[in-house]
Amino acid sequence: MKRTTLVSLLAISALSAAASVTVGADKAQAQVATRFYCGQSRGVPATVAETPSGIRPVIRWTSDYFSGSGYTPEVRCKIVSQKFQQNFESGRLRYLTIGVVNQEPVICVAETEGGPCSDVLYTMKRGQQDAFATKLRLQAVGQGRASGPLNESTGGGPVYVSLADFVNSLPVEASATPPSTPAPTPEAQPQPEASTESLW
Amino acid sequence: MLKAKAVLIGLTYWVTGQTNVPGIFPGSGASPPSQPNVLAPVKQVSPLLPPGIDLPSLQRHAQAITVKVWADDVWGSGILIQQQGGRYWVLTNQHVLWMGKTYRVQTPDGRMHIASLVPGVRFGNNDLGLLKFSSPARYTVATLGSSLRLPMGTPVFAAGFPVPIEFEDKGLQFTTGQISLIMPKAFDGGYQVGYSNTIEKGMSGGPLLNRQGEVIGVNGIHQAPLWGNPYVFQDGSTPDLDWDSLARSSWAIPIETVRRHL
């Protein structure tokens, strides 16, 4: 099986991976009461996290782009929320990163900062121009703020990185499913594309 | 243990602290106008409150200086930080601005103003951003204090506009709490001041206030982050505290950091 190669865009950060892994492990144990599910926010389906310190909206699913193929916002919300929950339960929801699977950009879970993808959360539409920005926004959601790549921003506004540049920067193109992870059914289908979803 | 210590220090502070501290209200010229509360009723969460604090005035002041910052169709919070001849400057978090491409500021009177980034202002690696808008209306702007030398347990007040769950829009959330941790150096993004107040998604960019109503920090990280690690210092090192000690606090960027860049 080919090893799926994924790129952590957090490599920019100078932080010590070893130290942060330790902290991450503590976190997973501390948040046993946290639960991810598909709820609603401002009237649309939303992946939300119920935590001991409050309910956190994570992704609002507003795009009807894939509704024609059965992936309505409701369906996408349920699939992705379940994946968040599964990864949280198994202690793998430590970091998010971007990778490429079957030549398509994916948002996935990584157990270490800069580490390989351990599970795909969702595939982004091919050609999506703001995968990088989406990833940064999701990182901000997880941390409650934006993280290290702040200096990627030139004007203080949204971060724009061409997907072509991003893909070209990959050392090896990946085409297999992640190691030790069965081919996830949802990824075999045209996947929900989240570039137009609302994140906090 | 940490919390107990903070509470103890806090109680000590309340007993010995001044009760007649000169504030920016009332009668100082900066008292908040009695504006119609068109956004929503102020919701107060007040588990413990030391004596000598004029909570209603604090709430009114928080409501007067805190704005909703819209990035496309989502929002965070912001602070009316300066005004000059009908032009207003709004301080918020960079990660609020990341959420969209076009910006609007909703002022306490409910009006929506088209806003734009202030050119030439850079906050370095700090999670801050500055917007400007113009309006003939008069709005109260914030008075700045300081936070880095506050003792643990000092009462502080946080405000902002939580993103609703389901359909419920809570309007301005105003929470009370205490300083819980102040780090010797800033975490990535400039976060350095820990406090016990609850912060919800959407309150990022809103003010952290002292008992005089001065802005001492900018809200940005809520308790118990879901993934990733926000507790890494800007030099890449990590604090000698376990995750729970850090995750029990919300975190703000001290206003001193804002001052350095403006």
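The values are calculated or read from the model by the stated rules, or taken from the named source; none is laboratory data. Please read all numbers here as calculations on a predicted model, not as lab measurements. When we count neighbours, we look across all protein chains shown, and the Cβ atoms used for this are built from the backbone with ideal geometry, even at glycine.
Checking the range B:47-67 against the condition returns a match, with at least one residue being modelled with pLDDT of 90 or more and part of a strand (DSSP E or B). Restricting the range A:68-87 to residues that are among the hydrophobic types (A, V, I, L, M, F, W, C) and in contact with a Leu (Cβ under 8 Å, 6 or more places away or on another chain), the residue that is nearest to B:Leu226 (Cα to Cα) is A:Phe84.
Whether a residue is farther than 27 Å from B:Leu241 by Cα and not assigned by TED's automatic domain parsing to the domain that holds B:Trp89 was assessed, and B:Glu200 does not pass this test.
Of all residues in the range B:212-236, which are within 7 Å of chain A (Cβ to nearest Cβ) and either charged (D, E, K, R) or outside any strand (DSSP E or B) (or both)? Correct list: B:His222, B:Gln223, B:Ala224, B:Pro225, B:Leu226, B:Trp227, B:Gly228, B:Asn229, B:Pro230, B:Tyr231, B:Val232, B:Gly236. Of all the criteria given as (1) assigned to a loop (DSSP other than H, G, I, E, B); (2) within 28 Å of B:Ile65 (Cα to Cα); (3) away from chain A (no Cβ under 11 Å), the one not satisfied by B:Arg260 is (1). Would you confirm whether or not the range A:40-53 contains a residue that is closer than 12 Å to B:Leu226 by Cα and at pLDDT below 85? Within the range A:40-53, one or more residues are closer than 12 Å to B:Leu226 by Cα and at pLDDT below 85.
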